[in-house]
């Protein structure tokens with residue numbers, strides 16, 4: 001009998017679930033096609049932001065400093081995530097985990113000091 005021994009898994013629940021999911025997706029797409037509104041006016045294809053008419057282009061050039069700050073944020077945000085995970089398992093890790101976290105924070109502090117000294121965090125204009 002199929003499915004009684006452990007070597008052959010029972011796959012019919014997976015097939016039924018997959019069929020239900022596909023039927024649901026198909027019905028949602030079909031209903032949205034037939035019941036959805038159709039706008040053929042020129043203004044319907046324009047972007048709309050909080051009732052304000054769009055001005056200019058969306059292709060703005062930002063200074064490299066914005067991207068640097070974004071990268072610094074990601075790096076130091078991940079640092080906070082690692083420190084939080086370490087703090088949850090502090091008792092299990094003991095002194096070796098404490099020393100490893102001190103080294104980790106020391107390396108990040110050295111990187112922050114380097115960035116500060118090279119002027120990567122300076123937003124003022126130099127004349």
- [ ] Return only the number of the condition from (1) surrounded by 10 or more Cβ atoms within 10 Å (Cβ to Cβ); (2) modelled with pLDDT under 90; (3) assigned to a helix (DSSP H, G or I); (4) more than 19 Å from the chain's Cα centre (by Cα) that residue 54 does not satisfy.
- [x] (3)
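Does residue 99 satisfy being in a helix (DSSP H, G or I), at pLDDT 90 or above and at negative phi? Quick ask: steps written out before the conclusion?
Details: in a helix (DSSP H, G or I): yes; at pLDDT 90 or above: yes; at negative phi: yes.
Taking the combined requirement at face value, the residue satisfies it.
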Open item on the list: Among the residues of the stretch 40-47, are any at pLDDT 85 or above, out of contact with any strand residue (DSSP E or B) (no Cβ under 6 Å at 6 or more places or on another chain) and surrounded by 10 or more Cβ atoms within 10 Å (Cβ to Cβ)?
Closed with: no
Open item on the list: Looking for something modelled with pLDDT of 85 or more and outside any helix (DSSP H, G or I) - is there at least one such residue anywhere in the stretch 3-10?
Closed with: yes
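The values are calculated or read from the model by the stated rules, or taken from the named source; none is laboratory data. Quick caveat, the model's predicted, so the values are computed rather than measured. Positions of Cβ are backbone-derived with ideal geometry, glycine not excepted, and every protein chain shown enters the neighbour counts.
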